[in-house]
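The structure under discussion appears below in the form of structure tokens.
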Amino acid sequence: MTKQSRLITGPTFEEMLHPDKIAPRIRKQALAAAKSDPLDPINLYNITWRSPEGRAYAYVVPKAVTGIDTPIVVLYSKDFPTGSHKVGAAYSVLIDKELFGEVDPSIHTLVWPSTGNYGIGGAYVGCRMGFDSVVILPAEMSKERFDRIHSYGARIIATPGCESNVKEIYDKCKELKAENPERVRVLNQFEVFGNYRFHYHVTGNTIVELAADLAAQGIGKGRISAYCSAMGSAGTIAAGDRLKQVWPDHKIVGLEPIQCPTLYNNGYGGHDIQGIGDKHVTWIHNVNNMDAIMCVDDIECKKGLQLLTEQAGWRVLADAGVSQEDVQLLSTTFGISGVCNVLGAIKTAKFYGLGKDDVVVTILTDAIDRYHSVMAQMTATYGKMGAVEAKVRLESIFHGQGLDWIMEGGREARARWHNLKYYTWVEQQGKTVEELNAQRDPEYWLAEQARIAEIDARLKAVR
């Protein structure tokens with residue numbers, strides 16, 4: 001490779017975790033640009049789970065919504081630069097490749113395979129860091145996803161199908177790479193460990209620190225009993241690896257759509273929990289550390305989102321005792337997969353018999369701003385939600401989550417989850433059996449975690 005052009009960089013992993021460690025001048029500029037110039041590259045320094053005051057973007061979902069005594073705590077993503085934490089994964093992937101000379105903005109076109117939020121993040125960071133960027137995603141994803149990618153300056157290639165049609169994305173990536181192997185660089189979120197490292201270090205340690213903050217408020221006893229995350233790329237669930245290091249009896253629970261239960265029973269099919277359930281086991285998913293897989297219905301998730309974001313639902317929530325402030329917070333921080341994650345958290349608390357002193361944490365990956373078109377389709381299909389229907393949804397979807405569609409992660413189940421990687425990664429994507437077998441060893445994952453310090457040191461040297 002020729003000598004690299006001047007690099008546009010952003011925060012270290014440690015600065016994303018603790019933005020107060022960013023140089024004060026840069027932090028001040030970044031916070032000002034968040035409102036005045038959201039496309040300025042300085043906004044890369046706003047990739048964090050923490051507010052300008054240093055508080056985690058988190059809250060306890062009201063008991064009137066969950067119907068259980070166990071506190072369900074959500075980290076929400078709407079205040080990231082793109083409105084989703086996936087911008088952190090995209091940045092972590094790109095900065096790694098850039099620092100170690102694998103990509104150069106003066107030479108390479110970046111290809112971001114995605115079903116939405118990672119592609120949005122890739123469009124944002126790629127174009128801010130000076131790269132020609134192309135996002136590949138299924139044609140049936142929400143209109144808002146396409147609009148946002150265009151607004152950040154990236155090009156789009158739409159492939160056939162819906163959320164679970166990831167093989168078609170892989171095929172298009174392979175085609176583009178074959179056409180121009182010297183120029184095209186595919187940053188595959190399902191494979192590259194920058195995605196894993198962002199959530200292991202930044203999301204995971206944010207939750208560790210949040211446990212103490214919650215305990216100081218009388219919520220829990222300073223520990224997190226379980227962490228739930230629906231898998232798309234399986235980056236977000238990597239936070240569980242960090243939590244289990246801190247609390248060895250902690251439970252990591254993965255979630256899938258009932259309509260595409262790949263890990264649960266080798267199932268397949270189309271669904272509309274956008275961002276998860278991609279019909280394969282990803283390379284970066286540490287399945288041997290997962291304690292259970294649970295499945296959630298996609299229509300229930302979309303109906304649940306309507307309950308939280310439409311006026312008829314707000315009135316029912318208020319009648320159930322949810323404060324006006326909390327109704328507003330719920331209505332602006334949830335997307336479809338966020339409802340899925342909370343329903344999974346409710347199932348988790350019930351399944352493990354957790355109580356009022358336990359805490360279950362999950363993630364709200366995006367918000368309603370990406371789904372107005374989907375909600376309009378729901379109204380056209382099912383009719384306008386009235387007060388009676390809203391009350392039924394609260395009681396049946398949230399309070400009525402049952403203990404069906406659950407598989408615990410025993411030795412045999414984990415072996416099967418691991419073996420499923422073979423069909424995507426060895427047969428189709430060029431990995432070797434030796435590489436696959438290496439992932440059974442916990443040292444494999446520790447080595448990937450250890451690279452965080454190396455990457456941060458390299459970034460500081462470049463800056």
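Odds and ends about this structure:
- Evaluation of E140 against (1) open to solvent by less than 10 Å² (accessible area, probe 1.4 Å); (2) in a loop (DSSP other than H, G, I, E, B) (one fails), failing number: (1)
- Within the set V339, V360, the sole residue that is surrounded by 24 or more Cβ atoms within 10 Å (Cβ to Cβ) and over 17 Å from I273 (Cα atoms) turns out to be V360.
- Scanning region 420-445 for residues that are open to solvent by 70 Å² or more (accessible area, probe 1.4 Å) and either in a helix (DSSP H, G or I) or touching a Pro at 6+ places or on another chain (Cβ under 9 Å) (or both) yields Y422, Y423, E434, E435, N437, P442, E443.
- Tabulated pairs, region 343-358, first closer than 15 Å to H250 by Cβ and of a type in the set (D, E), second modelled with pLDDT of 95 or more and surrounded by fewer than 16 Cβ atoms within 10 Å (Cβ to Cβ), C-beta under 7 angstrom, 6+ apart or interchain: D357/K221
- Considering residues of region 346-357 that are of a type in the set (A, V, I, L, M, F, W, C) and either open to solvent by 10 Å² or more (accessible area, probe 1.4 Å) or within 15 Å of the chain's Cα centre (by Cα) (or both) only, the residue farthest from S233 (Cα to Cα): L354
- Looking at L210, L214, L308, L243, just one residue is aliphatic (A, V, I, L, M), part of a helix (DSSP H, G or I) and either within 19 Å of D404 (Cα to Cα) or touching a Ser or Thr at 6+ places or on another chain (Cβ under 7 Å) (or both), and that residue is L308.
- Pairs linking a residue in region 373-391 that is farther than 21 Å from V65 by Cβ and open to solvent by 30 Å² or more (accessible area, probe 1.4 Å) to a residue that is among the aliphatic types (A, V, I, L, M) and not in a helix (DSSP H, G or I), with Cβ atoms under 8 Å and 6 or more positions apart or on different chains, are T379/M385.
- Residue match in region 88-108 (condition: open to solvent by 10 Å² or more (accessible area, probe 1.4 Å), outside any helix (DSSP H, G or I) and of a type in the set (D, E)): yes
- If the condition is being outside any helix (DSSP H, G or I), more than 18 Å from V125 (Cα to Cα) and open to solvent by 20 Å² or more (accessible area, probe 1.4 Å), then region 11-39 contributes H18, A23.
- All positions within region 170-200 that are surrounded by fewer than 23 Cβ atoms within 10 Å (Cβ to Cβ) and in a helix (DSSP H, G or I): Y170, D171, K172, C173, K174, E175, L176, K177, A178, E179, F193
- For region 372-385, residues that are assigned to a loop (DSSP other than H, G, I, E, B) and out of contact with any Lys or Arg (no Cβ under 8 Å at 6 or more places or on another chain) total 2.
Condition check ((1) at pLDDT 95 or above; (2) under 23 Å from the mean Cα position of the chain (by Cα); (3) farther than 25 Å from E102 by Cβ) across all residues:
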| residue | (1), (2), (3) |
| --- | --- |
| K3 | no, no, no |
| R6 | no, no, no |
| T12 | yes, yes, no |
| M16 | yes, yes, no |
| I22 | yes, no, yes |
| A34 | yes, yes, yes |
| Y59 | yes, yes, yes |
| V65 | yes, yes, yes |
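- Candidate set: region 135-177, residues that are farther than 19 Å from V125 by Cα and touching a Phe, Trp or Tyr at 6+ places or on another chain (Cβ under 8 Å); chosen: the one modelled with the highest pLDDT: A158
- Among the residues of region 115-130, just one is assigned to a loop (DSSP other than H, G, I, E, B), open to solvent by less than 10 Å² (accessible area, probe 1.4 Å) and within 18 Å of I95 (Cβ to Cβ), namely M129.
- Residue within region 331-345 that is over 23 Å from the mean Cα position of the chain (by Cα) and either at pLDDT 95 or above or of a type in the set (A, V, I, L, M) (or both) present: no
- Residue among L44, L75 that is part of a helix (DSSP H, G or I), surrounded by 19 or more Cβ atoms within 10 Å (Cβ to Cβ) and either on the phi < 0 side of the Ramachandran plot or of a type outside the set (S, T, Y) (or both): L44
- Near pairs, Cβ below 8 angstrom, 6+ apart or cross-chain, from region 394-413 (closer than 11 Å to G304 by Cβ and open to solvent by less than 80 Å² (accessible area, probe 1.4 Å)) to any residue that is part of a helix (DSSP H, G or I) and among the acidic types (D, E): I397/E300
- Enumeration of residues in region 206-222 that are open to solvent by 20 Å² or more (accessible area, probe 1.4 Å) and either closer than 18 Å to I363 by Cβ or at pLDDT below 95 (or both): V208, E209, D213, I219
The values are calculated or read from the model by the stated rules, or taken from the named source; none is laboratory data. Remember, predicted model here, so these are calculated numbers, not experimental data. Glycine also receives a Cβ, built like all others from the backbone with ideal geometry; neighbour counts cover every protein chain displayed. We work out accessible area using only protein heavy atoms, side chains counted, and drop any ligands, DNA or RNA first. Shrake-Rupley method; radii C 1.70, N 1.55, O 1.52, S 1.80 Å.
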